[in-house]
Amino acid sequence: MQHILVTGGAGRLGSLVVKHLSAAGYRVHGMSRRASPGEDWPGAEWKQADLVTGEGLSRAVQGMDVVVHTAGQGTWQVDFEGTRRLLDAARLAGVSHVVYISIMGIDRVLYNYGKVKLACEDLIEHSGISWSILRATQFHYLIELMLHKLTRLPLVLLVPTDLLLQPVAEEEVAGRLCEIVQAGPSGRLPDMGGPQVYTSGELARIWLKQHGMHRIILPIFLPGKTARGLRQGGNTCPQQATGTISWEAWLQHH
Ligand SMILES: NC(=O)c1ccc[n+]([C@@H]2O[C@H](COP(=O)([O-])OP(=O)(O)OC[C@H]3O[C@@H](n4cnc5c(N)ncnc54)[C@H](OP(=O)(O)O)[C@@H]3O)[C@@H](O)[C@H]2O)c1
């Protein structure tokens, strides 16, 4: 039976990956900085390790066949330096496949997190370990989190309404990562986006309606290259709308 390490195993995507892989019959190990998982964590084996200090990493990768790397914070220190440490340890341990989750459009829309992810992709491609990389669009939960933060003000919702987004259900991305583990090293895979491209204004209107909240949407204009890229749909992939759970359907279930 193959042993799989899921970094970020307690994270939003990582814990879903653990669930999918366990259901598929793999021996799954979740990695986290925490000493133990929460009560509702869906897996069995737990590895405590820190990508920044390197503590616990060699032990975490020991005996693993595959590493699904979902841990990250969007910083150079955690993502880039941490990925480099993880790959060094994985190479020494004889890991045969690294699966990496990246972000759609990082080569088209310029922002710091995207630059860090691009550099991580490059590390993986040149790691000497067989690899697979999947780029996905923004997860539904992230859009929900951002809208929650924006509704702290009463009566109004100040939001850019003209950005193009194609959110995808993190559950479906986790399922896709499980398929990639099953398929074996595949290199750069077709991107994965949700079923529909929305404007940020539409996402906000649907979200308010589903929550039964009344706010007047006040559009704000975001200046700069990143916002321009988002207005042009640089982080969407309408040709790869392989996710099936729409924003409306996801909200109804959460
Ligand atoms: N969110 C999106 O919309 C989206 C879209 C496309 C791709 N992605 C990618 O998907 C991945 C997962 O995203 P997510 O939204 O599920 O993130 P998340 O819930 O924040 O999970 C990230 C995990 O990284 C772990 N981590 C952070 N610093 C660490 C360190 N120093 N050492 C070890 N682990 C560390 C954390 O684990 P502990 O706190 O348990 O240690 C955390 O559970 C990321 O690589 C992200 O770039 C996200």
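Here is how the numbers come out for the structure above:
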read-out: For the stretch 132-221, accessible area per residue (1.4 Å probe, heavy atoms of protein chains only), Å²; value: 46
read-out: The stretch 1-148 - percent relative contact order, Cα under 8 Å, separation 6 or more; value: 20
read-out: Whole-Å semi-axes of the chain's equivalent ellipsoid (Cα gyration tensor); value: 33, 19, 17
read-out: D (Stokes-Einstein, µm²/s), Kirkwood Cα radius, the stretch 73-183, 0.692 mPa s at 37 °C; value: 205
read-out: The stretch 144-231: trypsin sites (Lys or Arg not before Pro) in DSSP loop, at most 12 other beta carbons within 10 Å; value: 152
read-out: For residue 46, distant residues with modelled amide H under 5 Å away; value: 30
read-out: Relative contact order of the chain, defined on C-alpha pairs under 8 angstrom at six or more residues apart (%); value: 18
read-out: Values of log10 I(q)/I(0), in the order q = 0.23, 0.31 Å⁻¹, for the stretch 51-96 under a Debye, Cα-only, solvent-free model; value: -0.75, -1.17
read-out: Cα-based helix-to-principal-axis angle, 140-150 vs the chain, degrees rounded to 10; value: 50
read-out: Inter-centroid distance (Cα atoms) of the stretch 220-254 relative to the stretch 1-28, Å; value: 27
read-out: Candidates 202, 81, 39: whichever shows maximal mean-square fluctuation once the chain is modelled as a Gaussian network with Cα springs under 10 Å; value: 39
read-out: Choice from 118, 153, 142 with maximal GNM fluctuation in the chain (Cα, 10 Å cutoff); value: 153
read-out: Global form of the stretch 74-117, assessed from the alpha-carbon gyration tensor, a/c cut-off 1.5; value: oblate
read-out: Kirkwood-based Rg to Rh ratio, the stretch 1-100, C-alpha trace; value: 0.93
read-out: Fluctuation leader among 214, 69, 140 - the chain, Gaussian network, Cα springs under 10 angstrom; value: 214
read-out: In nm, spacing of pseudo-spin labels at residue 239 and residue 40 (7 Å Cα→C-beta vector); value: 4.0
read-out: Exposure rank, largest accessible area first [139, 221; 1.4 Å]; value: 221, 139
read-out: Length gained when the stretch residue 48-residue 210 is fully extended (0.36 nm per residue, less Cα-Cα span); value: 54.5 nm
read-out: Positive-end extreme of charge dipole, the chain - chosen from 103, 150, 82 (charges on Cβ); value: 150
read-out: Accessible surface of the chain [probe 1.4 Å, protein heavy atoms]: carbon and sulfur percent; value: 53
read-out: Per-residue SASA entry for residue 237, accessible area with 1.4 Å probe, Å² rounded to 10; value: 10
read-out: 19 Å Cα cut-off, lysine pairs counted over the chain (separation 8 or more, or different chains); value: 4
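The values are calculated or read from the model by the stated rules, or taken from the named source; none is laboratory data. Source: prediction; values computed, not measured. So basically every Cβ, Gly included, is an ideal-geometry build from the backbone, and we count neighbours across all protein chains shown. To get the accessible areas, we keep the full protein, side chains included, count just its heavy atoms, and leave off ligands, DNA and RNA. Shrake-Rupley method; radii C 1.70, N 1.55, O 1.52, S 1.80 Å.
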